[in-house]
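Every number in this text was worked out from the coordinates using simple rules, so none of it is lab data. Nothing here was measured: the structure is a model prediction, and the numbers come from that model. No Cβ is skipped: glycine too gets one built from the backbone with ideal geometry, and neighbour counts run over all protein chains shown.
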Amino acid sequence: MAEETLESKIQYSASAESQKPRQKKVPDFPILEKQNWLIHLHYIRKDYEACKAIIKEQLQETQGLCEYAIYVQALIFRLEGNIQESLELFQTCAILNPQCADNLKQVARSLFLLGKHKAATEVYNEAAKLNQKDWEICHNLGVCYIYLKQFNKAQDQLHNALQLNRHDLTYTMLGKIHLLEGDLDKAIEIYKKAVEFSPENTELLTTLGLLYLQLGVYQKAFEHLGNALTYDPTNYKAILAAGSMMQTHGDFDVALTKYRVVACAVPESPPLWNNIGMCFFGKKKYVAAISCLKRANYLAPFDWKILYNLGLVHLTMQQYASAFHFLSAAINFQPKMGELYMLLAVALTNLEDTENAKRAYAEAVRLDKCNPLVNLNYAVLLYNQGEKKDALAQYQEMEKKVNFLKDNSSLEFDPEMVEMAQKLGAALQVGEALVWTKPVKDPKSKHRISSTGKPAGFQQPLGSNQALGQAMSSAVAYRKLPSGVGGTSQLTKPPSLPLEPEPIVEISEQTREK
C-alpha cells in the first residue's frame with residue numbers, strides 16, 4: 001500500500017513538471033553599445049592601446065556603426081596628433097547622429113586645430129542652433145574670431161558665454177582682446193571682475209598686478225603680486241615680476257635672490273636670464289652680464305630685447321663691432337624702433353663710419369617722435385662734423401620734445417643731461433668745442449662724446465626697465481610700444497580652446513614698454 005502511494009506521488013510530480021512552460025533561450029542580438037562602458041573605462045584610465053583594441057573589436061561587430069566607439073577613437077587620434085584623421089571620424093559621428101551638438105563641436109575643434117578658423121566658426125554656428133545654452137560654443141566662437149581678428153564679434157560671443165556660465169578662461173580671453181586693442185583700462189576692469197569671481201586664481205592675480213605695474217600703479221601691483229605669491233609661493237611669473245620691480249629701484253642683490261628661486265622652477269627661461277644679465281650690468285659686472293645674456297639669446301635667438309641688451313653691454317665695454325652685430329640683428333626683428341637706430345649710430349660713429357651713422361640717426365629721428373635724446377645725439381655728431389646749421393635744427397627739435405614732455409608728464413630729466421644740452425646750445429652760438437657727458441634716465445641711453453666726434457664710452461641703465469618689459473611679456477604676453485615708435489601689435493599665438501586638457505597657450509607679443 002505504501003509503495004503504491006509513493007509511485008502515485010512520483011507520477012503526479014512528473015506530470016506536474018511536464019505541464020510547466022519551458023523558458024526559451026534569449027536570442028543573441030548584436031547590441032551596438034554593449035562595450036561602451038569598457039571603452040570609456042580604458043579611455044579615462046589613459047590605457048589607450050587597450051582602448052583601441054576594444055574599439056576595433058566593437059566596430060567589427062557593429063560594421064562601423066557604433067557612434068561612441070568612433071567618437072573615442074577620434075579623441076585618441078587627436079591626442080596622438082593625427083588631427084586630420086580625428087576630423088574625419090568626428091564627421092562620421094556627425095553623420096550617424098546629426099542632432100548631437102557635441103559631435104559638431106568636436107568637428108569644429110579639429111578644424112580649429114588645423115588652422116581653418118573660418119570653417120570652424122561655421123560649424124560652431126550650426127552647433128549653436130542645436131544647443132543655444134552651451135557656454136563652450138560661445139567661448140570657442142569668440143576665440144576663433146580672435147584668430148580672424150574680428151574683435152567685436154569675439155567680444156560679443158565671450159560676453160554671451162559669461163552670461164551663460166562664468167569661467168576664468170573666458171575672462172582671460174576677453175581681457176586679452178582689450179590688450180590687443182591697446183585698451184589697458186578696459187583690460188584691467190575685466191581682470192578685476194575675474195579676480196572678484198575667482199580670487200584665488202594666481203594667473204589672474206599676476207596678470208592684474210603686471211597691468212598695474214605697466215601703468216606705474218606700484219602699490220596695487222605689489223598688492224596683487226603679493227596675493228598671487230600667497231596662494232602659490234612658487235609662481236615664477238609673479239616672482240619674476242616682483243624681482244623686476246626691485247630691479248627697477250636698483251635693488252639688484254634682492255632681485256637676484258628672487259631670480260634664484262625662479263631659476264629652480266624654470267631654468268631655461270629667456271626672460272629670467274635676460275633680467276639676471278641686466279642685474280649684473282647694473283652692478284657693473286659686464287662679463288657676467290654678457291654671459292647671462294648670451295644664454296638668454298641661445299634660448300630665444302629671435303627675441304629683439306635680448307639682442308638690444310647685448311648691443312648695449314658691448315657698447316659699454318667699447319666693443320663696437322660686436323655691438324653693431326647685435327643691434328643690427330635687433331633692428332631686423334624690430335625695424336620700427338627709433339632708439340635701436342640711435343644706438344646703431346653710436347656704434348657706427350665709433351667705427352668711424354660717419355656717413356652710415358648719419359643715416360642711422362636720420363632714421364631714428366623719423367621713427368621716434370618723442371625721445372629728445374635722439375635729436376641731441378644727432379646734433380652732437382653734426383656739430384663735431386662742422387655742420388652747425390643742421391646741428392642747430394636738431395637741437396631746436398630736441399627743445400620742442402623736451403617742452404612737450406614737461407607739459408604732458410611729470411618726467412624729471414637728469415640734471416647732467418640738461419647741463420650738457422645747455423653747453424651744446426652755447427657751443428652752437430659761440431662755436432666752442434665740446435667735451436661733455438650726456439646721460440639720461442628715462443630715454444634709457446647715455447654716452448660720452450668728445451670734440452673729435454668719437455664717443456669714448458657708452459652707458460645706459462636699461463637693466464631695470466628692460467627687465468620690467470621682459471617680466472611683463474613673460475606673464476601677460478603683451479607689451480605696448482612707446483609713443484612715437486610707430487610699431488604695430490603682432491598676434492602670433494592666440495589662445496587655445498578649452499575642449500581638451502592641453503594647457504592654454506597665451507597670446508605672444510613682441511613689443512616693449514616705454
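Quick notes on this structure:
- Loop-located GluC sites (Glu not before Pro) across region 310-414 with a Cβ neighbour count of 10 or fewer within 10 Å are 352, 412, with loop assigned by DSSP.
- Among the listed pairs 193/237; 46/133; 153/193; 118/149; 336/358; 401/423, those beyond 23 Å (Cα-Cα): 46/133
- Normalised by the number of residues in region 299-387, the mean separation of alpha-carbon contacts (under 8 Å, six or more apart) gives a relative contact order of 22 percent.
- Kirkwood-type radius of region 206-262, with distances r between different C-alpha atoms, in Å: 11.0
- The value of relative contact order for region 101-211, using C-alpha pairs under 8 Å at least six residues apart, is 16 percent.
- Kirkwood-Stokes translational diffusion coefficient of region 265-320, alpha-carbon pairs, 20 °C, 1.002 mPa s, µm²/s: 198
- Per-pair calculated FRET efficiency, R0 = 22 Å: residue 99 and residue 61 via Cβ, rounded to 0.05: 0.30
- Between residue 253 and residue 132, the C-beta separation translates, for a Förster distance of 41 Å, into a calculated FRET efficiency of about 0.10.
- The distance from the alpha carbon centre of region 189-206 to that of region 218-239 is 12 Å, rounded to a whole number.
- At R0 = 22 Å, FRET efficiency that the Cβ-Cβ distance of residue 390 and residue 352 yields, to 0.05: 0.65
- Cα→Cβ-extended label distance, 7 Å offset, between residue 215 and residue 302, nm: 3.3
- Contact order for region 235-328, expressed relative to its length and based on alpha carbon pairs under 8 Å spaced 6+ residues apart, stands at 19 percent.
- Take the Cα of residue 152, step 7 Å toward its Cβ, do the same at residue 422, and the gap between the two points is 5.4 nm.
- Extents of region 29-115, taken as max minus min of Cα coordinates on every principal axis and listed largest first, are 41, 28, 18 Å.
- Rg(Cα)/(2.2 N^0.38 Å) for region 179-290, N = residue count: 1.12
- Along principal axes, Cα extents of region 239-284, largest first, whole Å: 24, 18, 13
- Karplus-derived 3J(HN,Hα), 6.51/-1.76/1.60, for each residue of region 78-94, Hz, glycine and proline x: 5, 5, 7, x, 8, 5, 5, 5, 5, 4, 5, 5, 5, 5, 4, 4, 5
- A straight line joining the Cα centroids of region 306-331 and region 76-104 runs 52 Å.
- Rg and Dmax, both from the Cα atoms of region 76-225 and both in Å, are 17.7, 58.
- Spin-label model, residue 286 to residue 40: label points 7 Å out along the Cα-to-beta-carbon direction sit 6.9 nm apart.
- Cα-based Rg of region 153-220 normalised by 2.2 N^0.38 Å, two decimals: 1.07
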